[in-house]
1. Can you spot a residue in the stretch 173-187 that is within 12 Å of the chain's Cα centre (by Cα) and in contact (Cβ under 8 Å) with a residue 12 or more places away in the chain?
2. Looking only at the stretch 135-151, decide whether some residue is within 18 Å of the chain's Cα centre (by Cα) and closer than 21 Å to Ser62 by Cβ.
3. Mind checking which pairs have a first residue in the stretch 96-112 that is in the same structural domain as Gly42 (by TED's automatic domain parsing) and without any contact (Cβ under 8 Å) to a residue 40 or more places away in the chain and a second that is part of a loop (DSSP other than H, G, I, E, B) and basic (Lys, Arg), Cβ under 6 Å, 6 or more apart or different chains?
4. Taking interchain pairs and intrachain pairs at least six residues apart, which have beta carbon atoms under 8 angstrom, with the first residue in the stretch 154-167 and closer than 10 Å to Leu214 by Cβ and without any contact (Cβ under 8 Å) to a residue 60 or more places away in the chain and the second in a strand (DSSP E or B) and of a type in the set (Ser, Thr, Tyr)?
5. Please find, among Ser109, Ser125, the residue that is at pLDDT below 95, at negative phi and either out of contact with any His (no Cβ under 9 Å at 6 or more places or on another chain) or not basic (Lys, Arg) (or both).
6. Can you tell which of Ala121, Ala193 is of a type in the set (Gly, Ala, Ser), buried (at least 17 other Cβ atoms within 10 Å of the Cβ), touching a residue at least 60 places away in the same chain (Cβ under 8 Å) and touching a helix residue (DSSP H, G or I) at 6+ places or on another chain (Cβ under 7 Å)?
7. Part of a strand (DSSP E or B), under 17 Å from the mean Cα position of the chain (by Cα) and assigned by TED's automatic domain parsing to the domain that holds His104: is that true of Gln168 in this structure?
Amino acid sequence: MKDFSRRKMLKLSVLGGLGSIGIKHGLARAMALMPTPSETEGPFYPVTSQSDKDADLTHILSKKSKAMGQHIVVQGQIREVNGKPVAHALLDIWQADANGRYRHPGDSSSAKLDENFQGQAVINSDQAGFFRFITVMPGAYPANKDWIRPPHIHFKISKAGLRPLTTQMYFPDQTLNQSDWLLRTKSTTERLAMVARHAGLEGNLPIYEYNIVLDLLD
């Protein structure tokens, strides 16, 4: 009887574990097809014309030196809510430099502007919906006296036939994520979708994976 009880308990434990795995996979599938949450454009969308908007934000073509700070790779895939890859989507990307300063005339921060940081990139996803760019880990900065914004990157993504998306990508393991006034308005599932994940190294560059899901037009 005792042996039977142990076997029964073991069986139930295994079934419970399989059920848990199934639930996790189900949640992952649901998240994958959930449209990426939108976020405010913010006050620092680039307004100054610049010729260099390529996929390497760490280097401006007219300059010899590279941007300061931790250089990183950001990559991911853009899909529709039905899972179909979005080929040749337009990505408009902008962010603060490693000092937390934007290349924008309205940024009155006392932080020093990194003149070697490109600040913005305008790129396209490839035929399979993948994108990739090299940049720096953006610095945190005060939005006001009570609010420090965590490192983040702004995205505007568009493709004919799909709903345009403006959002912000956050980084894992950032303490400031917990207190960010914008991120805290999102649900747990939404926050998980907005935070990139560690995806290894490329040489000495950390890779962050950030996948984007676009909604269909009504």
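The values are calculated or read from the model by the stated rules, or taken from the named source; none is laboratory data. Model, not experiment: these values are computed from the prediction. In this analysis, Cβ positions are derived from the backbone assuming ideal geometry, glycine residues included, and neighbour counts consider all displayed protein chains.
1. no
2. The answer is yes; a qualifying residue exists.
3. Sorted first by the residue in the stretch 96-112, then by its partner, the pairs are Ser109/Arg101; Ala111/Arg101.
4. Pro164/Ser158
5. On the way: Ser125 fails: at pLDDT below 95.
Selected residue: Ser109, the only one of Ser109, Ser125 that is at pLDDT below 95, at negative phi and either out of contact with any His (no Cβ under 9 Å at 6 or more places or on another chain) or not basic (Lys, Arg) (or both).
6. Ala193
7. It is true that Gln168 is part of a strand (DSSP E or B), under 17 Å from the mean Cα position of the chain (by Cα) and assigned by TED's automatic domain parsing to the domain that holds His104.
Results for (1) in contact (Cβ under 8 Å) with a residue 40 or more places away in the chain; (2) hydrophobic (A, V, I, L, M, F, W, C); (3) closer than 21 Å to Glu209 by Cα; (4) assigned by TED's automatic domain parsing to the domain that holds Thr189, shown as yes or no for each residue.
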position	(1), (2), (3), (4)
Lys63	yes, no, no, yes
Gln77	yes, no, yes, yes
Asp114	yes, no, no, yes
Phe117	yes, yes, no, yes
